[in-house]
Amino acid sequence: MQLIECVPNFSEGRNLSIIKQITDEIENSEGVRLLDVDPGADTNRTVVTFVGEPERVIDAAFKAIVKATELIDLRNHSGAHARMGATDVCPLVPVSNISMEETSIWAEKLAERVGRDLQIPIFLYENSAKLNHRSNLAEIRSGEFEGMADKILLPQWKPDFGPQLQHKSAGSTAIGARQFLIAYNINLNSMDRKIATDIALDIREKGRFKRDENGKVIRDDSGKIIMKPGKLKACKAVGWYIDEYKQAQISMNLVDFTITPPHIAFEECRKQARKRGVRVTGSELVGLIPLESILEIGNFYLNEQQRSQGVPENEVINIAVKSLGLDEISDFNPKEKIIEYQINPEFGELASSSIYGFANELSTNSPAPGGGSVSALMGSMGVALSAMVANLSIGKKGFEQKYNAMNSLAVNAQELKKDLLQLIDKDTDSFNVVMEAFRLPKKTDEQKLERNSAIQKATKTATMIPFQILEKCILGLDLAFQSAKEGNPNSITDAGVAGEALMAGARGAFLNVKINLKDIEDTHFINELTNKGNKLIENGKEKLIAIRLQVESILNAE
């Protein structure tokens, strides 16, 4: 399934009734999911985020733009944020199984429809821009609503779609495909907007006017002002004062977080603030952040503190939140602010349940969850123990030189633990798909053929889940051996239990593979998985023997 994200910015952040009427258009649209609504009273702007399949998304976006055009009149609008339209900007962002080029095509379809049906001038920007000087939103929006009426009449600013005449109340709109943008504000312990602006000019990629020793602006031979680039690439920034917070902020758009991630921007602002006698007190995210980015932030600060990065994902996220002060102004709920957590929960129902609840569900007369899910659970417990041994070694006297090795062990164990936990529900889900295939009608010869084909396909899938559990448990045995050999000897029995649990998980998973293979007609598939499985089990036996010997050697040495 192709998924795109849409992040329209509407020029209304105070009237909650108007905002709700706009977002209702999105919520009531079939096939899309509203992820976030972030209004700002001082900026008088609301950032909305929703996702879905491309055609569904542009339909929902169009409906929201129609409603915003009806309800927002820019002739009566003011706020701290620059704006040129009731729907100021409407970017589309590729999320999964879709390229930037394909996303641009959908952006153009939306732009053409809005321009034609609503008679609003539309400028294509970012990756959709047809002209180089229109790729940057700030260049398009320069002059804002008040100046656009005259600007739009210039040949170089003729809209890509819609009339060459500004809509009297809704202004103009920029639509385009772009990379994921992180809207990020950094708080200062000052109410002075000028300080925030001065810092913004020093950090943003565009920079500030270059001046000579007398403070005079320097121009090139053609009379164009020369700019002095700022510190941070892929960063747009302004300074403003937010009366709601009684604070000045440096407001940024990090247009490519792989080039300038939030923590690098945060640290640079801290440095710039100290030069000016002020202090960064925290920061806020406007809209959502990718999981990849917030984990990078957390791992950066864990590494700075020489602490293990191989801790549960929620702990890494908590370190990121506390390090950047993302909860200074308002609560930071990862389930609401991280895009992946909004689209798909991290774990399924079984993996998220309590031990008590899982054991109770397991003990009923339902065939699922069963041995496959239990095998995945045993494997996850084994690698969790390996991570524990590594984390109990980091920071201990005598293990200073092993920080990198133990940190790497803990990180790898946490990743494998997450994979195995997710397989708990996948095993049960795949079994349910097989049962659904068996329930298909079989009255006619054609129905019988379709039913058998569905059963074979579903059974193969259901077989590959425990096979993945088997593979991952065998991989986990390497981590258990490393924890036994190099980890804190006080935790040697934990490393031993890790090995035993992982091998039990591997054997259990292979039993599930074997019973599923009995219902499969493809002999090549059967032989291939049987041979691979037997080799993995033999390999696992050898690894377990090595773990046991290592455990016994340390126990006997005591």
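The values are calculated or read from the model by the stated rules, or taken from the named source; none is laboratory data. For clarity, every value in this text was computed on a predicted model and none was experimentally measured. Backbone-built Cβ (ideal geometry, glycine too); neighbour counts: all protein chains shown.
Could you check how many residues of region 122-161 are surrounded by fewer than 23 Cβ atoms within 10 Å (Cβ to Cβ) and among the aromatic types (Phe, Trp, Tyr)?
Of the residues in that region, 2 qualify.
Tell me the residue from Leu555, Leu477 that is surrounded by fewer than 16 Cβ atoms within 10 Å (Cβ to Cβ), of a type in the set (A, V, I, L, M) and either touching a residue at least 60 places away in the same chain (Cβ under 8 Å) or touching a His at 6+ places or on another chain (Cβ under 9 Å) (or both), please. Give the derivation first.
Values: Leu477 fails: surrounded by fewer than 16 Cβ atoms within 10 Å (Cβ to Cβ).
Criteria check complete, one pass: Leu555.
Yes or no: Ser393 assigned by TED's automatic domain parsing to the domain that holds Glu244, touching a helix residue (DSSP H, G or I) at 6+ places or on another chain (Cβ under 6 Å) and touching a residue at least 60 places away in the same chain (Cβ under 8 Å)? Walk me through how you get there before you give the answer.
Numbers: assigned by TED's automatic domain parsing to the domain that holds Glu244: no; touching a helix residue (DSSP H, G or I) at 6+ places or on another chain (Cβ under 6 Å): yes; touching a residue at least 60 places away in the same chain (Cβ under 8 Å): yes.
It is false that Ser393 is assigned by TED's automatic domain parsing to the domain that holds Glu244, touching a helix residue (DSSP H, G or I) at 6+ places or on another chain (Cβ under 6 Å) and touching a residue at least 60 places away in the same chain (Cβ under 8 Å).
Go through Arg276, Arg270 for me and flag whichever is among the charged types (D, E, K, R), at pLDDT 95 or above, surrounded by fewer than 17 Cβ atoms within 10 Å (Cβ to Cβ) and more than 13 Å from Ile203 (Cα to Cα). Give the derivation first.
Details: Arg270 fails: more than 13 Å from Ile203 (Cα to Cα).
Testing whether each residue is among the charged types (D, E, K, R), at pLDDT 95 or above, surrounded by fewer than 17 Cβ atoms within 10 Å (Cβ to Cβ) and more than 13 Å from Ile203 (Cα to Cα) leaves just Arg276.
Would you mind finding the one in Asp221, Asp256, Asp198 that is surrounded by fewer than 22 Cβ atoms within 10 Å (Cβ to Cβ), among the acidic types (Asp, Glu) and outside any loop (DSSP other than H, G, I, E, B)?
On the way: Asp221 fails: outside any loop (DSSP other than H, G, I, E, B); Asp256 fails: outside any loop (DSSP other than H, G, I, E, B).
Of the residues listed, the single one that is surrounded by fewer than 22 Cβ atoms within 10 Å (Cβ to Cβ), among the acidic types (Asp, Glu) and outside any loop (DSSP other than H, G, I, E, B) is Asp198.
Is there any pair linking a residue in region 209-235 that is at negative phi and in the same structural domain as Thr197 (by TED's automatic domain parsing) to one that is among the small types (Gly, Ala, Ser) and surrounded by 11 or more Cβ atoms within 10 Å (Cβ to Cβ), with Cβ under 7 Å and at least six apart or on different chains, and which?
Met227/Gly207; Lys228/Gly207; Pro229/Gly207; Gly230/Gly207; Leu232/Ala265; Cys235/Ala265
Restricting to region 117-164, name every residue that is free of Cβ contacts under 8 Å to residues at least 40 places away in the same chain and basic (Lys, Arg).
Once the filter is applied, which keeps residues that are free of Cβ contacts under 8 Å to residues at least 40 places away in the same chain and basic (Lys, Arg), region 117-164 yields Lys130, Arg134, Lys151, Lys158.
Could you check Pro441 against (1) assigned to a helix (DSSP H, G or I); (2) at pLDDT below 95; (3) out of contact with any Asp or Glu (no Cβ under 8 Å at 6 or more places or on another chain) and say which number it fails?
Of everything listed in (1) assigned to a helix (DSSP H, G or I); (2) at pLDDT below 95; (3) out of contact with any Asp or Glu (no Cβ under 8 Å at 6 or more places or on another chain), Pro441 misses just condition (1).
Look through Gly239, Gly287 and report the one residue that is buried (at least 17 other Cβ atoms within 10 Å of the Cβ), in contact with a strand residue (DSSP E or B) (Cβ under 6 Å, 6 or more places away or on another chain) and at positive phi. Step through it out loud before you land on a result.
Details: Gly239 fails: at positive phi.
Checking each option against the conditions leaves just Gly287.
Scanning region 75-121 for residues that are of a type in the set (Val, Ile, Thr) and over 23 Å from Ile18 (Cα atoms), which turns out surrounded by the most Cβ atoms within 10 Å (Cβ to Cβ)?
Let us first name the residues in region 75-121 that are of a type in the set (Val, Ile, Thr), namely 87, 89, 93, 95, 98, 103, 105, 114, 120.
From the residues that got through so far, the ones that are over 23 Å from Ile18 (Cα atoms) too are 93, 95, 98, 103, 105.
Values: Val93: 22, Val95: 19, Ile98: 20, Thr103: 25, Ile105: 14.
Applying the filter and picking the extreme gives Thr103.
State all residues of region 296-332 that are among the hydroxyl-bearing types (Ser, Thr, Tyr) and under 27 Å from Glu5 (Cα atoms); if no residue qualifies, say none.
Filtering region 296-332 down to residues among the hydroxyl-bearing types (Ser, Thr, Tyr) leaves 301, 308, 323, 330.
Result: Ser330, single match.
Can you tell me which of (1) of a type in the set (A, V, I, L, M, F, W, C); (2) without any contact (Cβ under 8 Å) to a residue 24 or more places away in the chain; (3) under 29 Å from Phe399 (Cβ atoms) is the one Ile515 doesn't meet?
Condition (3) is where Ile515 drops out.
Filter region 341-351 down to residues that are out of contact with any Asp or Glu (no Cβ under 8 Å at 6 or more places or on another chain) and surrounded by 12 or more Cβ atoms within 10 Å (Cβ to Cβ) and give me whichever is modelled with the lowest pLDDT.
Just the residues of region 341-351 that are out of contact with any Asp or Glu (no Cβ under 8 Å at 6 or more places or on another chain), to begin with: 341, 343-345.
Restricting the remaining residues to those that are surrounded by 12 or more Cβ atoms within 10 Å (Cβ to Cβ) gives 341, 343, 345.
Values: Tyr341: 85, Ile343: 77, Pro345: 73.
Per the criteria, the residue is Pro345.
Against the definition (in contact with a Cys (Cβ under 9 Å, 6 or more places away or on another chain), assigned by TED's automatic domain parsing to the domain that holds Gly298 and either at pLDDT 95 or above or outside any helix (DSSP H, G or I) (or both)), how does Ala248 come out, yes or no? Talk me through it step by step, then tell me what you get.
On the way: in contact with a Cys (Cβ under 9 Å, 6 or more places away or on another chain): no; assigned by TED's automatic domain parsing to the domain that holds Gly298: yes; either at pLDDT 95 or above or outside any helix (DSSP H, G or I) (or both): yes.
It is false that Ala248 is in contact with a Cys (Cβ under 9 Å, 6 or more places away or on another chain), assigned by TED's automatic domain parsing to the domain that holds Gly298 and either at pLDDT 95 or above or outside any helix (DSSP H, G or I) (or both).
Can you pull out the residues in region 317-339 that are under 14 Å from the mean Cα position of the chain (by Cα), surrounded by fewer than 16 Cβ atoms within 10 Å (Cβ to Cβ) and touching a residue at least 24 places away in the same chain (Cβ under 8 Å)?
Glu336
Against the condition under 24 Å from Glu304 (Cα atoms) and either surrounded by 12 or more Cβ atoms within 10 Å (Cβ to Cβ) or modelled with pLDDT of 90 or more (or both), how does Ile264 come out, does it pass? So that I can check it myself, show each step before the final result.
On the way: under 24 Å from Glu304 (Cα atoms): yes; either surrounded by 12 or more Cβ atoms within 10 Å (Cβ to Cβ) or modelled with pLDDT of 90 or more (or both): yes.
Yes.
Quick check on this structure: which one of Gln447, Gln401, Gln414, Gln422 is of a type in the set (S, T, N, Q), free of Cβ contacts under 8 Å to residues at least 24 places away in the same chain and closer than 30 Å to Asn488 by Cα?
The conditions single out Gln401.
Could you figure out which of (1) of a type in the set (Ser, Thr, Tyr); (2) over 24 Å from Glu5 (Cα atoms); (3) assigned to a helix (DSSP H, G or I) isn't true of Ser293?
Every listed condition holds for Ser293 apart from (2).
Of the residues Glu446, Glu471, which single one is at pLDDT 95 or above, surrounded by fewer than 21 Cβ atoms within 10 Å (Cβ to Cβ), more than 13 Å from Ser386 (Cα to Cα) and acidic (Asp, Glu)? Talk me through it step by step, then tell me what you get.
Values: Glu446 fails: at pLDDT 95 or above.
After applying the criteria, what remains is Glu471.
Can you tell me which of (1) modelled with pLDDT of 95 or more; (2) closer than 30 Å to Met388 by Cβ; (3) not acidic (Asp, Glu) is the one Asn490 doesn't meet?
Of (1) modelled with pLDDT of 95 or more; (2) closer than 30 Å to Met388 by Cβ; (3) not acidic (Asp, Glu), only one is false for Asn490: (1).
When region 303-342 is examined, which residues are found to be assigned to a helix (DSSP H, G or I), of a type outside the set (D, E, K, R) and either more than 24 Å from Ile182 (Cα to Cα) or out of contact with any strand residue (DSSP E or B) (no Cβ under 6 Å at 6 or more places or on another chain) (or both)? Even if it seems obvious, please write down each step before you answer.
From region 303-342, those assigned to a helix (DSSP H, G or I) are 303-304, 313-324, 334-337, 339-342; that's our starting set.
So of that shortlist, the ones also of a type outside the set (D, E, K, R) come out as 303, 314, 316-321, 323-324, 334, 339, 341-342.
If the condition is that a residue be assigned to a helix (DSSP H, G or I), of a type outside the set (D, E, K, R) and either more than 24 Å from Ile182 (Cα to Cα) or out of contact with any strand residue (DSSP E or B) (no Cβ under 6 Å at 6 or more places or on another chain) (or both), then Asn303, Asn314, Val316, Ile317, Asn318, Ile319, Ala320, Val321, Ser323, Pro334, Ile339, Tyr341 are the ones that fit.
Is there any pair linking a residue in region 41-54 that is among the acidic types (Asp, Glu) to one that is at pLDDT 90 or above and assigned to a strand (DSSP E or B), with Cβ under 7 Å and at least six apart or on different chains, and which?
Correct list of pairs: Asp42/Ile242.
Could you say whether any residue in region 361-370 is assigned to a helix (DSSP H, G or I), closer than 24 Å to Leu511 by Cα and not assigned by TED's automatic domain parsing to the domain that holds Lys335? Spell out the reasoning first.
To start, the set of residues in region 361-370 that are assigned to a helix (DSSP H, G or I) comprises 361-362.
Okay, now just the ones that are also closer than 24 Å to Leu511 by Cα, so 361-362.
Next, only the ones that are not assigned by TED's automatic domain parsing to the domain that holds Lys335 stay: 361-362.
Yes, some residue in region 361-370 is assigned to a helix (DSSP H, G or I), closer than 24 Å to Leu511 by Cα and not assigned by TED's automatic domain parsing to the domain that holds Lys335.
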